[in-house]
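The values are calculated or read from the model by the stated rules, or taken from the named source; none is laboratory data. Given the structure is predicted, the values throughout are model-derived calculations rather than measurements. Note: ideal-geometry Cβ built from the backbone for every residue, glycine included; neighbour counts use all protein chains shown. For accessibility, only protein heavy atoms count, side chains too; no ligands or nucleic acids. Shrake-Rupley method; radii C 1.70, N 1.55, O 1.52, S 1.80 Å.
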Number of protein chains: 2
Amino acid sequence: MKQYLEIYRKNLFESVIPFWEKNSVDSEYGGYYTCLDEIGRVYDDSKFVWLQARQVWMFAKLYNTVEKKAAWLEMAAHGMQFLKKSARLPDGRVCFSLDREGQPKSIQRKMFSECFFLIALTEMYRATGEDHYREEAIGLFKLIEEFINKPELLGRPILPGNRAVRSLAIPMIYLNLLEELEGLLDEKDLRNRRSQAISEVLSHYDPDLGLFRENLDEEGIFDDLPEGRLINPGHSIEACWFLLHAAQIEGLPDVQASALESLIGSLEFGWDSEADGIYYFMDAKGNPPRQLECNMKLWWPHTEAMYALVLAYSLKKDRLFEEWHSKIHNYAFDRFVDEEHGEWFGYCDRYGNHTHQLKGGDYKGCFHVPRALLYSIRVLEQL
Amino acid sequence: MKQYLEIYRKNLFESVIPFWEKNSVDSEYGGYYTCLDEIGRVYDDSKFVWLQARQVWMFAKLYNTVEKKAAWLEMAAHGMQFLKKSARLPDGRVCFSLDREGQPKSIQRKMFSECFFLIALTEMYRATGEDHYREEAIGLFKLIEEFINKPELLGRPILPGNRAVRSLAIPMIYLNLLEELEGLLDEKDLRNRRSQAISEVLSHYDPDLGLFRENLDEEGIFDDLPEGRLINPGHSIEACWFLLHAAQIEGLPDVQASALESLIGSLEFGWDSEADGIYYFMDAKGNPPRQLECNMKLWWPHTEAMYALVLAYSLKKDRLFEEWHSKIHNYAFDRFVDEEHGEWFGYCDRYGNHTHQLKGGDYKGCFHVPRALLYSIRVLEQL
């Protein structure tokens, strides 16, 4: 596994991070451009809040954990300043997208903009010690918990025919928030919440398929509707390493074992044995999924698998993890990594042809790639 | 062109209509199954209101214009009974999807469910003469006009940074509603409204590209954002034949000429000269579109082009229309038509491989294929 350390360092520090440093700063209106084409040219100056916040998180994380480089903190502060000024509506909700100047463009009936803004705030708090970041993060956390408890506050009508009432995304992201809030919340509160979130993620586990289902109804797994049969292998894989982190923090070997089992289950189910790569969406019973893009290969399930497998290997030294890691690594570096212009492409069709000549867009920014590389480096250094 | 008459008759009456007659009826809870796989097996018993209403429209249209077959009227009435019982919420809004029994599952912040329910009602009124259908259609039409005038009533917040304020879909579908309301509304009202809707559709015309843009801002065409650059060639093509019908009804040779020009412009821009087929979404300037499924080939842009070209040829006898028709027809019959199990497949990747082995889903039902075939037959019979 050790051969990968240099590859990942080189990719992160000489290709990925420089790509964003060079191309993403809007020095006139603030914030970052994230819609960047193959060579880094801006093709859309909208500011997507998920990606603004995630880039703040990323650069603050580099500053906090790799090296106290002033340029990294400056980059994070540049995005944070824009978010502080423009991300929230008067009612406290966090927008999904803003125009270049920061005027609100759209808001989702979901709480993920709030979640990503929160992790930007916690990391900036760690970087600067400025208390207003911590305070705003805690305020947002309370708002997010309100949304989890009363989803109707998000504005989507709760209708009696809809059975997909429990989504994997919620406890998963919540588990990640708790990790990011470490040291900012009362220890006991954090542990209680983490324990509940772990149970909720695990309740999505399907023992027959060996992975996590996206949607449950009140009774649990249901198979008679596409919502119930929906599998997002990348999500299931990402949930595994969120669980591995939580198991590490709390010292829970059973949770670790479940996560490692689900990781292999997700890879086995999600891997396209004919054309290679991890599918985006699948149906548990092999029916046609609703999503038109279901059989596409996206960069992020591969980055999440890459890191999850590095972590899994570091914990168990099992050859199975090593073999899967090599398969995923080779696919990702073959199809997504751009040695010429930096960063990764994001979107391939089933057969690995690029469908979009872009490095960033409305959902791809400076996040999954550098996070997976940084976290993998951290683990590989300890090996 | 005449060779196609028999092909279309055979496809419509021996393959497409029988597929729905045989597989779509839910005789227990009412309404239609539309999620049918390759061989017609139900893989999702949700009832999507767009498709329920469109199938009612289709069978009532066959009954009204082809032959007074009791089975066709019965099929239409079967769906209408379910819609009458379950489609609307107490506030009058029409749901997007219902569960098998008719419980509301989801509602869109768009008015298209209302529009398709309306055309089901008008066609049932023509079939039966029962006045309650006409009355409900006119009530819905008023509601739709309210939504058009005050889009905030649909529940999507109007935010100042969003410039894509005029969508082609609105005047296009409105033009189609007016066609379906012929004889049910006051003649003068209808003509005034039609004239305004024609102008609005034409305001989307981009003379440089020769086709209709999806979104305009207050000033018209804008090119600095993906919303403004968005091209949906199938939409642009469908708008052309809506305009051709309106031009025919009102006797407007200039509108006819514009529509014919846009039709060719849309085809030239939308055709994939490398891999064949009409793209789903494009960017006017060649940037990466936001939609992951942008380079896929869907059945409906091809059915709409097929009929638009038959109609165009009947009006002008120009070889250009004949040549394009043959190209589209061959692509569609090669990639989408299933001679073995009936109906058409719906979704191919850029290279024409089926991505979904289905005949119906949440957006594909008994509508675009049989409508294009029926309308083409009607025109070819007059040739």
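Scan the range A:374-383 residue by residue and report those that are open to solvent by less than 10 Å² (accessible area, probe 1.4 Å) and polar (S, T, N, Q). Hit for the range A:374-383 is A:Ser376, nothing else. The one condition from (1) without any contact (Cβ under 8 Å) to a residue 40 or more places away in the chain; (2) within 12 Å of B:Ser262 (Cβ to Cβ) that B:Gly161 does not meet is (2). Answer yes if at least one residue in the range B:238-253 is more than 14 Å from chain A (Cβ to nearest Cβ), open to solvent by less than 10 Å² (accessible area, probe 1.4 Å), among the hydrophobic types (A, V, I, L, M, F, W, C) and in contact with a Gly (Cβ under 8 Å, 6 or more places away or on another chain), and no otherwise. Checking the range B:238-253: not a single residue is more than 14 Å from chain A (Cβ to nearest Cβ), open to solvent by less than 10 Å² (accessible area, probe 1.4 Å), among the hydrophobic types (A, V, I, L, M, F, W, C) and in contact with a Gly (Cβ under 8 Å, 6 or more places away or on another chain). For the range A:20-77, the candidate set comprises residues that are buried (at least 24 other Cβ atoms within 10 Å of the Cβ) and among the β-branched types (Val, Ile, Thr); within that set, the residue that is farthest from A:Glu339 (Cα to Cα) is A:Val49.
Report the residue count in the range A:263-282 for those that are open to solvent by 10 Å² or more (accessible area, probe 1.4 Å) and within 13 Å of another protein chain (Cβ to nearest Cβ). The number of residues fulfilling the criteria is 6. Scanning the range A:159-201 for residues that are within 14 Å of chain B (Cβ to nearest Cβ) and aliphatic (A, V, I, L, M) gives A:Leu159, A:Ala164, A:Val165.
For the range A:87-126, a residue qualifies if it is open to solvent by less than 10 Å² (accessible area, probe 1.4 Å) and aliphatic (A, V, I, L, M), and the qualifying residues are A:Ala87, A:Val94, A:Leu98, A:Met111, A:Leu118, A:Ile119, A:Ala120, A:Leu121, A:Met124. Whether any residue in the range A:180-193 is open to solvent by less than 10 Å² (accessible area, probe 1.4 Å) and within 18 Å of the chain's Cα centre (by Cα) is what I want to check. Yes, the range A:180-193 contains a residue that is open to solvent by less than 10 Å² (accessible area, probe 1.4 Å) and within 18 Å of the chain's Cα centre (by Cα). Do we find that B:Phe13 is free of Cβ contacts under 8 Å to residues at least 12 places away in the same chain, among the hydrophobic types (A, V, I, L, M, F, W, C) and either over 30 Å from B:His325 (Cβ atoms) or open to solvent by 10 Å² or more (accessible area, probe 1.4 Å) (or both) in this structure? Against the criterion (free of Cβ contacts under 8 Å to residues at least 12 places away in the same chain, among the hydrophobic types (A, V, I, L, M, F, W, C) and either over 30 Å from B:His325 (Cβ atoms) or open to solvent by 10 Å² or more (accessible area, probe 1.4 Å) (or both)), B:Phe13 qualifies. Applying the criterion of being surrounded by fewer than 21 Cβ atoms within 10 Å (Cβ to Cβ) and within 14 Å of B:Gly40 (Cβ to Cβ) to the residues of the range B:335-344, the residue that is farthest from the other protein chains (Cβ to nearest Cβ) is B:Glu340. Looking only at the range A:272-320, residues that are more than 24 Å from A:Glu261 (Cβ to Cβ) and acidic (Asp, Glu) come to 2 in all. Count, please, the residues in the range A:68-105 that happen to be part of a loop (DSSP other than H, G, I, E, B) and within 22 Å of A:Ser167 (Cβ to Cβ). Result for the range A:68-105: 3.
May I ask you to list the residues in the range A:27-61 that are under 18 Å from A:Gln103 (Cβ atoms) and part of a loop (DSSP other than H, G, I, E, B)? Correct list: A:Glu28, A:Tyr29, A:Gly30, A:Gly31, A:Tyr33, A:Thr34, A:Asp45, A:Ser46. Kindly establish whether B:Arg156 is within 14 Å of chain A (Cβ to nearest Cβ) and crowded, with 19+ Cβ neighbours inside 10 Å. No, not satisfied.
Of all residue pairs spaced 6 or more apart or on separate chains, those with beta-carbon atoms under 6 Å, a first member in the range A:349-378 that is in contact (Cβ under 8 Å) with a residue 60 or more places away in the chain and of a type in the set (Phe, Trp, Tyr) and a second member that is part of a loop (DSSP other than H, G, I, E, B) and surrounded by fewer than 21 Cβ atoms within 10 Å (Cβ to Cβ) are A:Tyr351/A:Ala275. Residue-level check: of (1) within 14 Å of chain B (Cβ to nearest Cβ); (2) open to solvent by 20 Å² or more (accessible area, probe 1.4 Å), A:Gly129 misses just (1).
Conditions (1) more than 10 Å from chain A (Cβ to nearest Cβ); (2) surrounded by 17 or more Cβ atoms within 10 Å (Cβ to Cβ); (3) closer than 28 Å to B:Ala120 by Cα, marked per residue:
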site: B:Phe333; (1), (2), (3): yes, no, no
site: B:Asp349; (1), (2), (3): no, yes, no
site: B:Asn353; (1), (2), (3): no, no, no
site: B:Lys364; (1), (2), (3): yes, yes, yes
site: B:Ala372; (1), (2), (3): yes, yes, yes
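If we scan the range A:111-126, do we find a residue that is among the small types (Gly, Ala, Ser) and away from chain B (no Cβ under 14 Å)? Yes - at least one qualifying residue is present in the range A:111-126.
Considering the range A:1-26, and only residues there that are touching a strand residue (DSSP E or B) at 6+ places or on another chain (Cβ under 7 Å) and outside any helix (DSSP H, G or I), the residue that is farthest from A:Leu311 (Cα to Cα) turns out to be A:Asp26.
Taken over the range A:288-320, the criterion of being open to solvent by 10 Å² or more (accessible area, probe 1.4 Å) and either over 30 Å from B:Cys35 (Cβ atoms) or away from chain B (no Cβ under 14 Å) (or both) is satisfied by A:Tyr313, A:Ser314, A:Leu315, A:Lys316, A:Lys317, A:Asp318, A:Arg319, A:Leu320. Taken residue by residue, the range B:211-221 has at least one member that is under 30 Å from B:Tyr351 (Cα atoms) and open to solvent by 20 Å² or more (accessible area, probe 1.4 Å).
For the range B:87-110, the set of residues classified as farther than 17 Å from B:Tyr29 by Cβ and facing another protein chain (nearest Cβ under 8 Å) consists of B:Ser106, B:Ile107, listed by residue number.
Can you name the residue in the range B:196-210 that is small (Gly, Ala, Ser) and out of contact with any Leu (no Cβ under 9 Å at 6 or more places or on another chain) and, of all such residues, is most open to solvent (accessible area, probe 1.4 Å)? Once the filter is applied, the top-ranked residue is B:Ser199.
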